[in-house]
Amino acid sequence: MTILDLELDEDMLLHVESRVRPSLWTPGDHARASQVKGLIKEAVDKIGEISRIRAVHTIMPVEFLNGREIHTRAGSIMSRRFARLASGSTGELFVVFLIATLGQRASSLAEDQETLLSRLVFDCVLSETIEIVVQRLEEALHRDMAVCSREMTSRFSPGYCDWPLEGQRVVFSALDASSIDVELNDYCVMVPAKSISCVFLAASSVPSATPCTFCPLEDCAWRRDTHTGEF
Ligand code: SF4
């Protein structure tokens with residue numbers, strides 16, 4: 001198991017700012033747009049000042065696979081779509097487990113805001129920040145896998161697609177989340193809130209980054225890849 005302790009760099013913060021701005025854009029209302037822009041900057045600066053990214057990850061071999069689950073010694077990932085992705089892979093199959101967090105202090109920044117607008121802006125900035133952090137960690141994991149001549153899928157999280165939220169228990173069984181001060185409550189929700197848990201499949205060859213390529217649900221709001229119908 002690997003524990004990471006990182007700082008948010010300038011590039012990440014600029015990236016956060018540029019991604020949040022369009023989602024909070026208020027066309028025609030220049031005064032509000034300027035207020036929101038100021039709040040985004042304030043949130044980004046504050047998060048950059050107090051946040052410490054902590055992450056933990058590990059890799060486990062797949063012990064068995066069938067049409068509805070991928071089993072590791074930490075338990076089963078109960079997702080037919082992810083299992084189908086695994087069944088199209090070649091070579092020894094592994095699951096990479098990852099949890100990352102911005103920490104309790106940063107996660108509570110939105111709640112500390114006095115107005116509804118500033119709460120909304122801080123919450124959006126925090127959510128985008130943890131997304132970008134995990135995106136960077138994912139890129140680093142892809143590079144590590146490439147060095148070992150392995151391919152890896154995109155991340156897949158409990159509660160996403162057909163994997164029930166209870167799948168959090170498998171991720172938390174694979175990793176010592178207390179080492180980065182993350183807990184799972186009785187509803188399978190992570191505390192601190194600005195945390196992400198996920199898994200990846202790794203093998204000599206994986207057929208696709210996501211199961212969306214072979215999924216016929218064209219109107220799915222969470223689709224990440226075009227449906228090709230292949231394999
Ligand atoms: S399109 Fe939607 S339902 Fe289908 S695999 Fe992708 S996320 Fe899942």
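Read-outs throughout are calculated quantities, based only on the coordinates presented, and are distinct from any laboratory measurement. Remember, it's a predicted structure, so these values are computed and weren't measured experimentally. Reconstructed Cβ throughout: ideal geometry from the backbone, glycine too, with neighbour counts over all protein chains shown.
In whole Hz, what ³J(HN,Hα) sequence does segment 97-110 give by Karplus (6.51, -1.76, 1.60; θ = phi - 60°), x for Gly and Pro?
So the J values, rounded to whole Hz, are 9, 9, 10, 9, 9, 8, x, 5, 5, 5, 4, 8, 4, 5.
Report the Rg/Rh value for segment 2-207, based on alpha-carbon coordinates and the Kirkwood definition of Rh. Write down the numbers at each step before the final one.
Values: Rg = 18.6 Å, Rh = 18.1 Å.
Taking Rg over the Kirkwood Rh, I get 1.02.
Please list, by residue number, everything in segment 80-116 whose backbone N is under 12 Å from a paramagnetic label point 7 Å out along Cα→Cβ of Cys148.
92-97
Take the alpha carbon gyration tensor of segment 1-82, find the square roots of its eigenvalues, order them as a ≥ b ≥ c, and report rounded if a/c is under 1.5; if not, report prolate when a/b exceeds b/c, else oblate.
oblate
Counting helices only, and only those DSSP H runs with n ≥ 4, report the 222 nm mean residue ellipticity of the chain as the sum of -39,500 (n - 2.57) divided by its residues, in deg cm²/dmol to the nearest 500. Walk me through the intermediate numbers first.
On the way: 6 runs with 86 residues, N = 231.
Here the helix-only value at 222 nm equals -12000 deg cm²/dmol.
Measure nothing but the geometry: give the 0 to 90° angle between the long axis through the Cα atoms of 116-147 and the longest principal axis through the Cα atoms of the chain, rounded to 10°.
Its long axis makes an angle of about 40 degrees.
Calculate the all-directions average of the projected area of segment 48-133's alpha-carbon convex hull, and give it in nm². Don't skip to the end; give the middle numbers.
Numbers: hull surface 30.4 nm².
For segment 48-133, averaging the hull's shadow over all directions gives 7.6 nm².
Measure nothing fancy, just the Cα-based angle from helix 10-23's long axis to the longest principal axis of the chain, in degrees from 0 to 90, nearest 10.
So the helix axis and the longest Cα principal axis differ by about 80 degrees.
Would any residue of segment 61-75 have its amide N under 17 Å from a label point 7 Å out along Cα→Cβ of Ser173? List them or say none.
Answer for this model: 61-66, 68-75.
With the chain treated as a Gaussian network of Cα nodes joined by springs under 10 Å, which of Asp144, Asp29, Asp181 yields the largest mean-square fluctuation?
Highest fluctuation of the listed residues: Asp29.
Compute the angle between helix 30-50 and the longest alpha-carbon principal axis of the chain, please, reported from 0 to 90 degrees and rounded to the nearest 10.
60 degrees
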